[in-house]
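Shown next, in structure tokens, is the structure this report addresses.
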Amino acid sequence: MQRISTTRRALVLAGATASFALPLAVRAQSATRLVVAFPPGGPVDFVARVIADTLGGELGQQVIVENRAGANGAIAAQFVAHAPPDGTTLWLTSVGAVAINPSLYEKLPYDPERDLVPVSLVVDNVEVMVVGANAPYATAAQFVEAARRPDAKMSMASSGTGSVPHLAMEQLNDAAGIHLLHVPYKGAAPAITDVIAGNVNGFFGDIPGLIGHIRAGRLKAIGIAAAHRHPLLPEVKTFDEMGIPGVDSDNWYALFASKGTPPAQAQRLAAAVRKTLANPAVRGKLEASGAQASASTPAELAALLKKDTAKWGRLVKAKGIKAD
């Protein structure tokens, strides 16, 4: 009898363990993967981690951030493109990998319009032009005036050839009729360091990556590359306001799903993103960083992707820009 009792106890314990483990396994299988094409700690990763928990609550399942860096976004893009088309694998990407890379690279291993399903815009990242704190320019108009002098040798740093900062500089060259020397760096951090040191005259960058330096007095903001002024820098005029139209370089971040994801599922995901960005805590964290929360429908994101792919493609082609 003792042996029977012991066996029964073992079976009961095994059953209890199985019943506890099964929901965990089910939950793990049904989790949504939020793929980021950059290492932890960067601006896209920051946005992903700000929205993950609240987005998971809206979807009714855990959202896990996965960093799949490399190949200028191609590794993450291919991973998401070939994931099951059930809406549980999403790619949070900046504009470059989906709207600039197709014209920058002769052979791209993915086609954003063919291989990915637009879900929703997440944030707008307005570009701001900055110079060193001791530079003699209070506005971008003054910077342009200096660059028009016959003996001027003005330079602009960028985070790399074909990056949004580089293309914003090219927009400024065309809009103002000037020629700024492009100085590409491997990432924004060394570019910013050299602008602060006065080794390069200026830089276009996302406000979230520059606001700390601006507030600390290490950099001076002199122009907003957008249609409207930014709430964190209300005193800084747009290029349009300074009579230099055509400098508009929003580095937006958006969510895409794998090809074949049903339209109804994309709509469901977009609705969850909209509710997530309406959450005061989420919106507050994003906007305190300088990112502007901005949800959209899948159709609106598809239209934005098409428009920006054409815009950046024309500029890349006109300037003969090739990826390093």
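Taking a straight line from the alpha carbon of Lys186, these lysines sit under 21 Å away, with near neighbours fewer than eight places off in the same chain left out: Lys319, Lys322. For the peptides 132-141, 154-163, the ranking by packing is 154-163, 132-141, with the highest mean count of neighbouring Cβ atoms within 10 Å listed first. Net charge in the neighbourhood of Val36 (other residues with Cβ under 13 Å of its Cβ; Lys, Arg +1, Asp, Glu -1) is +1.
The antiparallel fraction among DSSP beta bridges confined to the chain stands at about 60%. With helices as the sole contributors, the chain gives -14500 deg cm²/dmol at 222 nm; each DSSP H run of n ≥ 4 counts as -39500 (n - 2.57), and the sum is divided by every residue. Counting only aspartates and glutamates at least 8 places from Lys285 when in the same chain, those with an alpha carbon closer than 20 Å to its own are Asp45, Asp53, Glu58, Asp124, Glu127, Asp206, Asp250. Take the Cα radius of gyration of the chain and divide it by 2.2 N^0.38 Å, N being the number of residues; the result is 1.19. The HN-Hα couplings worked out from phi for the stretch 31-48 by the Karplus form 6.51 cos²θ - 1.76 cosθ + 1.60 (θ = phi - 60°) are 5, 8, 9, 10, 8, 10, 8, 9, x, x, x, x, x, 5, 4, 4, 5, 4 Hz, whole numbers, x standing for Gly and Pro.
Descending by average beta-carbon neighbour count within 10 Å, the peptides 272-281, 285-294 line up as 285-294, 272-281, the highest first. Which residue, Asp250, Asp45, Asp86, tops the fluctuation ranking in a GNM of the chain built on C-alpha contacts under 10 Å? Fluctuation is largest for Asp86.
The label-point distance for Ala318 and Ala197, in a model that sets each label 7 Å from Cα toward Cβ, rounds to 3.4 nm. Sorting the segments 309-315, 255-261 by their residues' average number of neighbouring beta-carbon atoms within 10 angstrom, most packed first, yields 255-261, 309-315.
Largest GNM mean-square fluctuation among Pro112, Pro190, Pro234, using the chain with Cα springs under 10 Å: Pro234. Each part gets one Cα centre, and for the stretch 133-169 versus the stretch 275-294 those centres are 31 Å apart.
In summary, the lysines within cross-link reach of Lys220, defined as a Cα separation below 17 angstrom excluding same-chain residues under 8 places away, comprise Lys237.
Counting Lys and Arg as +1 and Asp and Glu as -1 over every other residue whose Cβ lies under 15 Å from the Cβ of Gln267, the net charge comes to 0.
Each residue of the stretch 183-198 is assigned a 3J(HN,Hα), and the resulting list reads 10, x, 10, 8, x, 6, 4, x, 5, 4, 4, 6, 5, 4, 6, x Hz, derived from the Karplus form 6.51 cos²θ - 1.76 cosθ + 1.60 (θ = phi - 60°), x at Gly and Pro.
What the phi angles of the stretch 252-265 give under the Karplus curve with 6.51, -1.76 and 1.60, with θ = phi - 60°, is a coupling list of 6, 10, 8, 9, 10, 10, 5, 4, x, 4, x, x, 5, 5 Hz, glycine and proline written as x. Taking amide H atoms as placed 1.01 Å from N in the peptide plane, the amide H of Val123 lies under 5 Å from those of Tyr253, Ser294, each 5 or more residues away in sequence or on another chain.
Taking amide H as placed 1.01 Å from N in the peptide plane, Val65 has its amide H under 5 Å from the amide H of Leu34, each at least 5 places away in sequence or on another chain.
Charges were assigned to the Cβ only: +1 to each Lys and Arg, -1 to each Asp and Glu. The resulting dipole of the stretch 127-225 about its Cα centre is roughly 260 debye.
How big, on average over all directions, is the shadow cast by the Cα convex hull of the stretch 127-225, in nm²?
Numbers: hull surface 21.6 nm².
Across all orientations, the stretch 127-225 yields a mean hull projection of 5.4 nm².
Restriction of the trypsin sites (Lys or Arg not before Pro) in the stretch 39-122 to DSSP coil positions whose beta-carbon has at most 11 other beta-carbons within 10 angstrom yields Lys107.
Just so you know, all these numbers are worked out from the coordinates, no wet-lab data involved. All of these numbers come straight from a predicted model, not from anything done at the bench. Quick reminder, even Gly has a Cβ in these numbers, built from the backbone with ideal geometry, and neighbours come from all protein chains shown.
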